[in-house]
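The block underneath contains the structure these notes are about, expressed in structure tokens.
The values are calculated or read from the model by the stated rules, or taken from the named source; none is laboratory data. Every value quoted in this text rests on a predicted model; they were computed, and no experiment measured them. No Cβ is skipped: glycine too gets one built from the backbone with ideal geometry, and neighbour counts run over all protein chains shown. In case anyone asks, the SASA skips ligands and DNA or RNA and just uses the protein heavy atoms, side chains included. Shrake-Rupley method; radii C 1.70, N 1.55, O 1.52, S 1.80 Å.
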Amino acid sequence: MPSLFKRLARLAPYFRTSRIGLVATIAGATVMAITEPALADLMKHLLDQGFNSHQLPLWMVPAAIVGLFALRSIAGFGSQYGLAWAANRAVLQLRERMFAQLLAAEPTLFSRQTTSALTNTLVYEVQGGLTLLTSSILNLVRDSLTLLALLGYLMWLNWQLTLSVAIMFPAVAWVMRALGRRLHRLTVESQKATDALAYVVEENVLAWRIVRLQQAQQAQAARFFTRAAGLRRVVMKTVVAGAMATPMTQMLAAVALSAVITLALWQSSSSGTTVGSFVAFIGAMLMLVSPLKHLSDVISPVTRGLAAVERGLDLIDSVPAERGGAHAVERARGEIRFEGVTLRYAGDAAPAVDALSLTVRSGETVALVGPSGAGKTTLVNLLPRFLEPGAGRITLDGVALADWDLDALRRQFALVSQDVVLFNDSIAANVSLGTATPPEQIRAALRAANLLDFVDGLPRGIDTVIGHNGSELSGGQRQRLAIARAIAKDAPVLILDEATSALDSESERAVQQALERLMKGRTTLVIAHRLSTIEHADRVLALDGGRLVEQGTHAELLAAGGLYARLHAMQFRSPSS
């Protein structure tokens with residue numbers, strides 16, 4: 001099966017540092033293969049020289065049997081341990097490459113792939129697939145070598161009969177190839193069905209509150225059952241395809257064995273072959289059945305294991321990494337310019353940002369307002385290159401974003417979003433997040449975010465672990481911890497996307513004061529739905545349909561009576577009016 005070997009060759013780079021384990025595997029498998037015909041030959045000598053002529057010493061046969069099996073045991077352990085050692089090193093390297101690719105991948109990957117599919121591939125399929133594959137490869141190597149050793153011994157005993165045995169090998173190879181292709185197709189279908197099932201579970205874990213509030217348990221259970229039943233159907237097809245290999249191979253072997261025994265009996269009567277030679281030949285023939293059966297059994301796990309590992313290899317090979325330029329400075333001035341920028345999401349007729357031109361001066365605080373879908377969040381996501389414009393150009397300090405080194409570019413931005421993301425780690429780790437921030441600076445950031453008193457009241461202080469996405473904190477505390485992270489980063493450009501949305505009135509006032517102090521001397525873009533939080537911005541930009549429809553100060557836009565004035569009136573209209 002050339003295609004199989006070609007696919008296996010993709011794994012070779014991950015085994016280059018594990019040659020010792022592979023050598024031990026092949027050496028052990030070779031010793032075990034050689035000892036197979038040795039057992040048949042021992043039987044020949046026992047019959048010809050032991051029972052008939054009593055030429056063999058009494059101790060020699062049991063000593064030879066014990067010695068052979070001891071040698072086989074040592075060789076079997078060595079080959080199994082060597083391959084497991086090599087395989088686990090390969091898994092480690094493959095996972096490292098995959099995770100590095102995940103961290104550096106173009107952002108479009110995360111819109112094409114679900115979280116459950118990526119997690120399943122990286123954590124489970126690579127480990128399970130390579131473990132299944134390597135154990136199957138060990139059997140493949142060992143049984144192939146055993147087959148060659150037995151065939152060599154049979155050729156030495158009687159080459160005419162051995163050639164008659166070889167007739168069945170093309171038929172066995174054809175069966176294995178045909179079943180291998182079907183198994184590969186079904187395994188890929190099974191992986192897709194597993195991803196679909198995992199996605200249903202992921203959605204229901206994340207949305208458990210709304211599912212219960214809407215009393216949608218029955219509908220979601222039916223959806224899960226549909227996916228699970230589809231997966232079961234594909235798995236059963238895979239089982240049928242895998243189970244067919246062994247009986248078909250055994251039938252071919254039975255036909256060949258019966259023909260050979262008939263020829264051997266006829267030959268022994270005409271040529272006077274010794275009983276020992278006849279028994280040794282038949283014994284070696286029967287020994288061929290076991291490796292042949294194993295070779296037919298191995299096609300299913302090899303195909304399934306390889307298909308699982310190939311998903312990881314495809315992630316490495318097919319997902320392009322983000323590309324940046326060479327321009328890098330430690331700290332930018334913070335002047336941002338949009339020049340005719342247009343961005344359209346896939347499948348949308350109208351652009352999210354439409355031919356927008358805009359200049360944000362260094363140190364200026366600019367507020368972005370507009371109805372839902374106006375393009376506010378899209379606009380700020382373009383700055384750290386989480387999105388790429390379809391037309392136009394964006395510059396930072398006069399240098400196009402595409403020409404910036406990506407690490408240097410993203411050092412210039414601190415983001416506080418309404419969708420707070422925290423890690424299941426300590427408070428200190430969530431504030432510093434990848435940087436060597438001194439504890440004093442962490443405490444200063446927490447103080448500025450109005451969170452230090454709460455943190456100091458915890459048993460472990462800043463070393464307190466906050467749970468999955470900050471589940472041990474309240475909504476306001478989570479928001480303030482995200483603000484503390486932005487304060488600690490001290491970037492020249494701040495992006496505040498509803499940064500105070502989850503705070504109570506008292507905390508909001510304290511944090512707003514801290515943010516106003518932090519925003520001095522920095523370029524700040526503020527997305528706000530509560531217009532009371534942006535009245536002191538240097539400039540307010542009103543967006544609608546991805547276009548900039550008006551700009552000015554809070555007072556100027558109120559006086560103009562346009563979109564901003566209408567939004568302001570709707571928000572501050574009294575309930576009785």
Open item on the list: Per residue of the range 374-383, what does 6.51 cos²θ - 1.76 cosθ + 1.60 with θ = phi - 60° give for ³J(HN,Hα)? Whole Hz please, x for Gly and Pro, Karplus curve as stated.
Closed with: 6, x, 5, 5, 4, 4, 6, 6, 6, 5
Task: Surface share of carbon and sulfur [accessible, 1.4 angstrom probe, percent] for the range 372-521 - done: 48
Task: Residues of the range 351-391 with amide N under 11 Å of the 7 Å Cα→Cβ point at residue 556 - done: none
Open item on the list: At a 10 angstrom cut-off on C-beta neighbours, averaged per residue, how do the peptides 433-444, 542-553 rank from highest to lowest?
Closed with: 542-553, 433-444
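For residue 315, what is the net charge nearby, where nearby means another residue's Cβ is under 14 Å from its Cβ and Lys, Arg count +1, Asp, Glu -1? Mind dumping the intermediate values first?
Numbers: positive: 10, 95, 97, 112, 311; negative: 96, 106, 125, 195, 310, 314, 317.
Once all neighbours under 14 Å are counted, the net charge is -2.
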- [ ] Would you rank 453, 143 by solvent-accessible area, highest first, keeping every protein chain in place and using a 1.4 Å probe?
- [x] 453, 143
Open item on the list: Quick check: Cα centre of the range 394-440 to Cα centre of the range 21-42, how many Å?
Closed with: 58
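May I ask you to compute the full-extension gain from residue 330 to residue 359, defined as 0.36 nm times their residue separation minus their alpha-carbon distance, rounded to one decimal in nm? Numbers along the way, then the final one.
Working: separation 29, 0.36 × 29 = 10.44 nm, distance 2.21 nm.
So the extension gain works out to 8.2 nm.
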Task: Hz values of 3J(HN,Hα) by residue in the range 102-107 - Karplus curve (6.51, -1.76, 1.60), Gly and Pro given as x - done: 5, 5, 9, 5, 4, x
Task: Protein-only accessible surface order, largest first, of 564, 81, 345 at 1.4 Å - done: 81, 345, 564
- [ ] Would you mind checking which residues have amide H under 5 Å from residue 538's amide H? H placed 1.01 Å from N; only 5 or more apart, or other chain.
- [x] 365
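Just to confirm, what accessible area per residue do you get for the range 309-419 at 1.4 Å probe, in whole Å²? Write down the numbers at each step before the final one.
On the way: 4860 Å² over 111 residues.
Computed with neighbouring chains in place, this is 44 Å² per residue.
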TODO: Pull up the cross-link candidates among the aspartates and glutamates for residue 376, meaning alpha carbon to alpha carbon under 18 Å and not fewer than 8 places away within one chain.
DONE: 339, 348, 354, 364, 388, 419, 497, 498, 535, 538, 544, 550
TODO: Given the peptides 363-375, 454-466, arrange them by the average over their residues of other C-beta atoms within 10 Å, most packed first.
DONE: 363-375, 454-466
TODO: Excluding residues fewer than 8 places away in the same chain, name every one of the aspartates and glutamates whose C-alpha is closer than 15 Å to that of residue 237.
DONE: 189
